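Written out below as structure tokens is the structure these notes cover.
The values are calculated or read from the model by the stated rules, or taken from the named source; none is laboratory data. Nothing here was measured: the structure is a model prediction, and the numbers come from that model. Positions of Cβ are generated from backbone atoms using ideal geometry, with glycine treated the same way; all protein chains shown enter the neighbour counts. Surface areas here come from the heavy atoms of the whole protein model, side chains and all, with no ligands, DNA or RNA. Shrake-Rupley method; radii C 1.70, N 1.55, O 1.52, S 1.80 Å.
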Amino acid sequence: MQRVNVGHKALADYNSLIGRALAEEIRALAEPLKGRRMLHLSATAFGGGVAEIQYTLIPLMIDAGIDAEWRVIQGQEEFYDVTKTIHNALQGDERGLSDGQRAIFDGYNKLNADALADADEWDVIVVHDPQPVAIPEFVQTTRPRWVWRCHIDLSTPNLEVLDFLAPRLRAYDACIFHMPAYVPRGAGLNEAVIWPPAIDPLAPKNMALAPDDAAYIVDQFGVDVSRPLMLQVSRFDPWKDPLGVIDAYREVKRAHPAMQLALVGSMAHDDPEGWEYWNRTQDYCNEDPDIFMFSNLNNVGAVEVNAFQVQAAVCIQKSIREGFGLTVSEALWKSRPTIGGRVGGIVAQITDGQTGYLVDSPEECARRTLDILADPGSTRDMTRRAKEHVRRRFLMPRLLRDWLALMHRMAGEETVALEVVAGD
Ligand code: UDP
């Protein structure tokens, strides 16, 4: 397993954004936890929401006095093929797992468990998502409490694959989900806790960037910054529906011939479908010179994503399934008019007509884009409300508070309220 170097962040830098009450609460929660040890395990340090969160959460935990560390498990393509099938099945895909795939999954989990020689030296071990979920089965520990952090939409799972995972989930003292609807019924969980993820307002991805600077960056990618731009930032994945975004753009372009579209997507190394879907999306663009596709391989990193979001006339996350959709909060935080699919965690971030628009089809997405372009006044009010909504609910210090509260709970001390759903 590889330890991830997360650098340094200071909680005090966030005080002016989060207000005194939350800063005080975090300080009070952290004080008695100083020196406690928390290990996080996940599948990748690059691409997608989990990595995005960890790069801020871990340094903030360390700044709060927790001895926190993040490691990435080892795997090969055959393993990631299986875990992608599991990921898709848990979000509702009908394809199940063969016996061979189950054996590959267990084999890599055992391999990583064997590499976890210091497991008993931690107070809490947090396992993210399904890839490493079976690790506790293969290690003998007495000290750590085990926590599973689920980042995906489990509301309509393929039951055969859920049955495969359920006995593994029962090994955890607590499982955390973004929304109550994601708690798998009948899985016999010991405890389910609900809290949404969060974005880092001070990371290069989200820090304040002047419109001129954003335009200067986006211009370098060949986009005409004097013309309007629709944008979707997301992995190339059918659940993110980039083809639906292209359909919406085509419809908008009939009324606004100057419109351009950028699809920006990072290639996560645990996402073997990414390239296949990238190619499919590229074919679908049909060589339209006003559609741009970029990835981290074209040097589109965090600052560039920030610049594209600031520059966009409309930010879109037209998912048809979505664990949370951090990109929505990222766009709202930048006061950009935002349209999201009416699914999963997007619904917690966008109140339709109040802080953005929720849509069910490319046609509706196009219509809402036209509404936004036609009425800058109401759009401005909407984006102001949206930014405040994100500030209150979806910034990283709130997530740190939730983790600290859970650490207290794991140690048998109740402090502040957490949303806990009894296991069944
Ligand atoms: N992201 C990025 N570059 C890209 C595409 C995505 O940095 O080209 C980031 C995006 O800004 C967000 C995360 O990856 O922070 C995606 O998280 P989200 O919850 O939206 O979706 P997930 O990929 O976890 O399903």
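See the values below:
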item: In the stretch 263-290, the residues that are among the hydrophobic types (A, V, I, L, M, F, W, C) and either touching a Pro at 6+ places or on another chain (Cβ under 7 Å) or farther than 26 Å from ASN88 by Cβ (or both); result: LEU263
item: Within the stretch 176-226, tally of residues that are within 17 Å of GLU304 (Cβ to Cβ) and not in a strand (DSSP E or B); result: 24
item: Scope the stretch 384-402; condition touching a strand residue (DSSP E or B) at 6+ places or on another chain (Cβ under 8 Å), under 19 Å from ARG342 (Cβ atoms) and in a helix (DSSP H, G or I); matching residues; result: ALA386, VAL390
item: Residue pairs meeting the criteria (Cβ under 7 Å; at least 6 apart or on separate chains; first open to solvent by less than 10 Å² (accessible area, probe 1.4 Å), in the stretch 75-92; second of a type in the set (Ser, Thr, Tyr) and in a helix (DSSP H, G or I)); result: PHE79/TYR108
item: Unmet criterion (only one of (1) buried (at least 19 other Cβ atoms within 10 Å of the Cβ); (2) more than 25 Å from VAL193 (Cβ to Cβ)) for ALA405; result: (2)
item: Residue ID - farthest from the ligand (Cβ to nearest atom), chosen from residues in the stretch 226-263 that are β-branched (Val, Ile, Thr) and touching a Phe, Trp or Tyr at 6+ places or on another chain (Cβ under 8 Å); result: ILE246
item: Cross-chain or 6+ apart pairs with Cβ under 7 Å, the stretch 401-420 first and under 19 Å from PRO180 (Cα atoms), then in a loop (DSSP other than H, G, I, E, B) and open to solvent by 60 Å² or more (accessible area, probe 1.4 Å); result: ALA405/THR415
item: Checking ILE350 against (1) free of Cβ contacts under 8 Å to residues at least 60 places away in the same chain; (2) under 16 Å from the mean Cα position of the chain (by Cα); (3) open to solvent by 40 Å² or more (accessible area, probe 1.4 Å), the condition it does not meet; result: (3)
item: Residues of the stretch 125-157 classified as open to solvent by 10 Å² or more (accessible area, probe 1.4 Å) and β-branched (Val, Ile, Thr), total; result: 4
item: Residue identified as in contact with a strand residue (DSSP E or B) (Cβ under 7 Å, 6 or more places away or on another chain) and part of a helix (DSSP H, G or I) among LEU373, LEU406; result: LEU406
item: Residues being closer than 30 Å to ARG401 by Cβ and more than 13 Å from the ligand (Cβ to nearest atom) - total across the stretch 180-206; result: 16
item: Residue check for ARG367: in contact with a strand residue (DSSP E or B) (Cβ under 9 Å, 6 or more places away or on another chain), of a type outside the set (Ser, Thr, Tyr), in a loop (DSSP other than H, G, I, E, B) and within 23 Å of HIS256 (Cβ to Cβ); result: no
item: Residue in the stretch 38-70 that is surrounded by the fewest Cβ atoms within 10 Å (Cβ to Cβ), counting only those that are more than 10 Å from the ligand (Cβ to nearest atom) and of a type in the set (Asp, Glu); result: ASP67
item: Residue count, the stretch 325-336 (criterion: open to solvent by 10 Å² or more (accessible area, probe 1.4 Å) and in contact with a Phe, Trp or Tyr (Cβ under 9 Å, 6 or more places away or on another chain)); result: 2
item: Top-ranked residue in the stretch 265-283 [being surrounded by fewer than 20 Cβ atoms within 10 Å (Cβ to Cβ) and acidic (Asp, Glu); ranked as modelled with the highest pLDDT]; result: ASP283
item: Considering residues of the stretch 304-323 that are farther than 28 Å from GLY377 by Cα and open to solvent by 10 Å² or more (accessible area, probe 1.4 Å) only, the residue farthest from the ligand (Cβ to nearest atom); result: ILE320
item: One residue from ILE217, ILE199 being surrounded by fewer than 22 Cβ atoms within 10 Å (Cβ to Cβ), among the β-branched types (Val, Ile, Thr) and in contact with a helix residue (DSSP H, G or I) (Cβ under 6 Å, 6 or more places away or on another chain); result: ILE217
item: Among (1) closer than 22 Å to ASP402 by Cβ; (2) open to solvent by 10 Å² or more (accessible area, probe 1.4 Å); (3) outside any strand (DSSP E or B); (4) not hydroxyl-bearing (Ser, Thr, Tyr) - the single one ARG102 does not satisfy; result: (1)
